[in-house]
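As structure tokens, the structure follows; a few thoughts come after it.
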Amino acid sequence: MTYKEFCRQLGKAGLNIREFAELVKMNQKSVTNCAKRGEIPSHLAVISTLLGEMGERKIDFRAVLAGIEITPKKPRGGAALGRFGGSKQTDLDLESKLVETVNTTN
């Protein structure tokens, strides 16, 4: 599905991108990033098409979605405090290794 068609389906449901992202517990930027590619992932295409149809038929999809426990997606590449770009590797505990080495040589 194209991003343009995705937006059309959301419009049929009376939603904008921000409202859609909140409904499905996604980051709004993750959804709008699809505009750069021009294509929407198939799972979002299915959801938007169903919401569009439900909206046209005056079915309250918000109540339906409220009954589903949706776990918010975790952001990818979350940065660790004080580190640009996150923490891809585990930290080495060099301080305790140094103390251990000093203690065994004395």
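Part of a helix (DSSP H, G or I) and exposed (fewer than 13 other Cβ atoms within 10 Å of the Cβ), is that true of residue 8? Spelling it out, it is not the case that residue 8 is part of a helix (DSSP H, G or I) and exposed (fewer than 13 other Cβ atoms within 10 Å of the Cβ). Here residue 72 passes the criteria (1) free of Cβ contacts under 8 Å to residues at least 40 places away in the same chain; (2) of a type outside the set (A, V, I, L, M); (3) loosely packed, with under 12 Cβ neighbours inside 10 Å except the one numbered (1). The condition of being more than 15 Å from the chain's Cα centre (by Cα), modelled with pLDDT of 90 or more and over 15 Å from residue 20 (Cα atoms) does not hold for residue 95. Restricting attention to segment 54-69, does a residue exist that is in contact with a Cys (Cβ under 6 Å, 6 or more places away or on another chain) and at pLDDT 70 or above? There is no residue in segment 54-69 that is in contact with a Cys (Cβ under 6 Å, 6 or more places away or on another chain) and at pLDDT 70 or above.
The values are calculated or read from the model by the stated rules, or taken from the named source; none is laboratory data. From a predicted model like this one, the values you see are computed outputs, not experimental measurements. No Cβ is skipped: glycine too gets one built from the backbone with ideal geometry, and neighbour counts run over all protein chains shown.
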